[in-house]
Amino acid sequence: MGAAAGLVAAPGFVRYGQAQSSEPIKIGFQCHRTGIGAAYGRWYDRVTTAAAKRINDAGGINGRPLEIIIEDDGTDPKRGAEVVEKFANQHKVDLVYGTLFSHVVVGSAPAAGELKIPYYVVSEGYHVASGKMNRYCVQPGITDVKAQARSMAPWIAGNLGKKVTLVYPDYAFGHDHRDFFTPAIEAQGGQVVAKVPIPPTETSFTRYFPQIPRDTDVIYHVMVGPAVLTFVKEMGEFFGSGGPQLFGFIDSLEAVDMGSPGLEFLEGSHFWEGMPRYAQPDQPDYVTAYREAAGIDENGASVNDAKDVSTAAHMFGCWETLNIIKASMEACDYKGPDDRAAMIEATEAMTEMEAGPDHPQGKKLFNGKIHQVFGEQSISQVKDGKLEVVHRTSIEDGATSPRPIIRQCRSKTSRRAAFAPHPYPLPASGERGMSALRLSHGMARRFSFRSFHESAFVNGLRSVFSPRYA
């Protein structure tokens, strides 16, 4: 596939002939092919290709083939915004998808709002759920860092210790960990004894380690980028075998071979994983099928190159998000750009997502009010140089009650919920309008123009708003 475009062709193309239009549905894939996120971009590309092939093998979307058009954003927010504009104005895509790094999402989302083009990100940042984006920005296929941090705190406090030092990259993703893990560990009777921010372009880290207090029980580290291997090695050299317990987010070692020299000291330490890198003995058949489609072996490396290690803890989000896009387009009978608003509303109407071939990472609950999905997490321990899952959190461990960020706006054809701050409300979609959502005085009511399941939608919202999620 070229840097500009490529049709994900597949057997069974003749089935598209029965569709009202044989024109492909175009998805603009904003890919981190270069820059700090290049390793993620490589695997996001592979999983996107595999998921699109699976969709096309099954007849496409509404009988139309799916075309993935790729542009490299350089993992740069300014360039990211330019890529969104190029997708909308030059490539004429139906939507934009696939962005990971939080600063790129934050820099690109305003352009999506101005252009009124759906922006389905695979980022983990809390920026979507916080209401800082706009209604065109959705994160339905991967959990956010606030939920992840909240779900880790009880296990860390109960198993590793309660005095924690945070080591994190000094930009939005790291700030999210700082801001959300701190109250989460305090709620467990623990405390953050030090916070050590590190510039994302840093290449040597030893000078930061003296900032870690001696009474630290646990070092919680979430460094990412090309220098992470250096970070982990230098941390091991500094502390040796007698340092604090280590709890990391696998972001620090995504695309890094656990057998790399210098990582021996990680033996016995723990990591968060969104989806396990290593094949687990009890994994269901649909996980095995997903791993085969993604092209990874039992160690989470490419089947073609054992040294090409995947970003397994994150890349599943591409697979799941594309399946959600497909389901949303089919639910609203998507025909073209005039139905973009209807597509967003169809996604907002989703609630429970069962684990299976479309959602191999696990069961999830989507909250259409804040455009964020909640799900299960894995805690894995390094044993004999491999990661073994030792704990699986529940959705309830990480889900949070959303802030009241919906305001109401009106159009001639429908009443719609608009996310605040939201300078770009969804335009009216006429007869194709899927629904209108109004939240008033803390109560949710559904006004449906099509046959969606009202009770399931409202019950889903109630479950997220219940005290156990507070």
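The values are calculated or read from the model by the stated rules, or taken from the named source; none is laboratory data. No experiment lies behind these values; they were computed from the predicted model shown. Don't worry about glycine lacking a Cβ; one is built from the backbone with ideal geometry, like all the others, and counts go over all protein chains shown.
Among 298, 267, 330, which is the only one that is in the same structural domain as residue 350 (by TED's automatic domain parsing), surrounded by fewer than 24 Cβ atoms within 10 Å (Cβ to Cβ) and at negative phi? Let's see the steps before the verdict.
Details: 298 fails: in the same structural domain as residue 350 (by TED's automatic domain parsing); 267 fails: in the same structural domain as residue 350 (by TED's automatic domain parsing).
Just one listed residue meets the conditions, 330.
Which members of the stretch 164-194 meet the condition of being surrounded by 17 or more Cβ atoms within 10 Å (Cβ to Cβ), in a strand (DSSP E or B) and of a type outside the set (Phe, Trp, Tyr)?
Step one: list which residues in the stretch 164-194 are surrounded by 17 or more Cβ atoms within 10 Å (Cβ to Cβ), which gives 164-169, 171-178, 180-182, 184-185, 190, 192-193.
In the following step, the residues that additionally are in a strand (DSSP E or B) were identified as 164-169, 192-193.
Answer for the stretch 164-194, where residues must be surrounded by 17 or more Cβ atoms within 10 Å (Cβ to Cβ), in a strand (DSSP E or B) and of a type outside the set (Phe, Trp, Tyr): 164, 165, 166, 167, 169, 192, 193.
Being surrounded by fewer than 24 Cβ atoms within 10 Å (Cβ to Cβ) and touching a residue at least 40 places away in the same chain (Cβ under 8 Å) is the filter here, so list the residues in the stretch 94-117 that pass it.
From the stretch 94-117, those surrounded by fewer than 24 Cβ atoms within 10 Å (Cβ to Cβ) are 103, 106-107, 110-111, 113-117; that's our starting set.
Once the filter is applied, which keeps residues that are surrounded by fewer than 24 Cβ atoms within 10 Å (Cβ to Cβ) and touching a residue at least 40 places away in the same chain (Cβ under 8 Å), the stretch 94-117 yields 103, 106, 113, 114, 116, 117.
Which residues, counting only those in the stretch 128-145, are under 27 Å from residue 270 (Cα atoms) and either among the hydroxyl-bearing types (Ser, Thr, Tyr) or surrounded by fewer than 24 Cβ atoms within 10 Å (Cβ to Cβ) (or both)?
143 - this is the single residue of the stretch 128-145 that is under 27 Å from residue 270 (Cα atoms) and either among the hydroxyl-bearing types (Ser, Thr, Tyr) or surrounded by fewer than 24 Cβ atoms within 10 Å (Cβ to Cβ) (or both).
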